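The values are calculated or read from the model by the stated rules, or taken from the named source; none is laboratory data. Just so we're clear, the structure is a prediction, and the values are computed from it rather than from any experiment. Virtual Cβ from ideal backbone geometry, glycine too; neighbours counted across all protein chains shown.
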Amino acid sequence: MLTIEDRLENMEQELGHVKRRNRWLLGAILVLLGGLVAAGVFKTMITPVQAQVAGAVKEVRANKIVLEDENGEVRARLFVEKGGPRLVLNDEKGQPRAALIVDKDGPLLRLWDKNDKVRVALAVIKDDPSLALLDENGKAHAVLGVDKDGSTLALGDEKGQVHAVLGVGKDGSALVLYDENGKPRALLGMGKDGPSLTLWDEKGQARFAAGKNATVSPDGKTIEYPESSLILFGPDGKVVWSAIK
């Protein structure tokens, strides 16, 4: 049976995985955004007059295609860069609002708001899908990801600080809540051993545990507690009171 300390360590490893995935996704967004801005200088390869002379064709081969509306505003760009193909859709003011990108790491779909800020990013990176929802400052407030170890949903604030992580893995599921300093304060879990609830103080010391749990005594012995149990810890981590039914 996992001890409370083991549960905390596993939870922190999972949080690190979520943060790394989040940083990778946001980094990919910024890199690909730069490529799309640079591509804005491309012009259409076929003029309207040439198109009328050529008539209808069944196939068009080109490296870059630009579509304009009746006002001459660029509304769509389709082009191929070294990394792969890109499709960018603009609004009536010429601002990018959607982009579909495929490169060596996988496909990526991005959606912008009217202020030219990326607000949604959907990607499949090395066979692992991720969905990120960002605010107007580029901070991710929600990141949903799935990989070989399970699925996770991380929720953050305007500073990019994660405050809640919901995860489902091979060994069960867990909900972890964090304070404004990124310290875990509550863990509600359902594992192979049964349900459990653990609460930590601001220093990271477990102070309350309920349900199926295990602790280590000062002499190094593992003490197992059944599902119908309550444990209170002192600031030094020692058990000060427990109730077992």
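General observations
- Condition check for Glu136: without any contact (Cβ under 8 Å) to a residue 40 or more places away in the chain, more than 23 Å from Val162 (Cα to Cα) and not β-branched (Val, Ile, Thr): no
- Take the conditions (1) of a type outside the set (Ser, Thr, Tyr); (2) in a loop (DSSP other than H, G, I, E, B); (3) crowded, with 17+ Cβ neighbours inside 10 Å; Val165 misses just one of them, which is (2).
- Here Glu180 does not fit the description of being on the phi < 0 side of the Ramachandran plot, loosely packed, with under 15 Cβ neighbours inside 10 Å, touching a residue at least 60 places away in the same chain (Cβ under 8 Å) and over 16 Å from the mean Cα position of the chain (by Cα).
- Glu227 passes every criterion in (1) touching an Asp or Glu at 6+ places or on another chain (Cβ under 9 Å); (2) assigned to a strand (DSSP E or B) apart from (2).
- For Gly237: the one exception among (1) out of contact with any helix residue (DSSP H, G or I) (no Cβ under 8 Å at 6 or more places or on another chain); (2) of a type in the set (Gly, Ala, Ser); (3) part of a strand (DSSP E or B): (3)
- The stretch 108-127, subset free of Cβ contacts under 8 Å to residues at least 40 places away in the same chain and either in contact with a Gly (Cβ under 6 Å, 6 or more places away or on another chain) or within 18 Å of Asp157 (Cα to Cα) (or both), residue surrounded by the fewest Cβ atoms within 10 Å (Cβ to Cβ): Lys117
- Within the stretch 185-196, considering residues that are of a type outside the set (Ser, Thr, Tyr) and at pLDDT below 95, the one nearest to Ala214 (Cα to Cα): Asp193
- Screening the stretch 128-161 for residues that are among the hydrophobic types (A, V, I, L, M, F, W, C) and buried (at least 19 other Cβ atoms within 10 Å of the Cβ) and picking the one that is farthest from Leu111 (Cα to Cα) gives Ala154.
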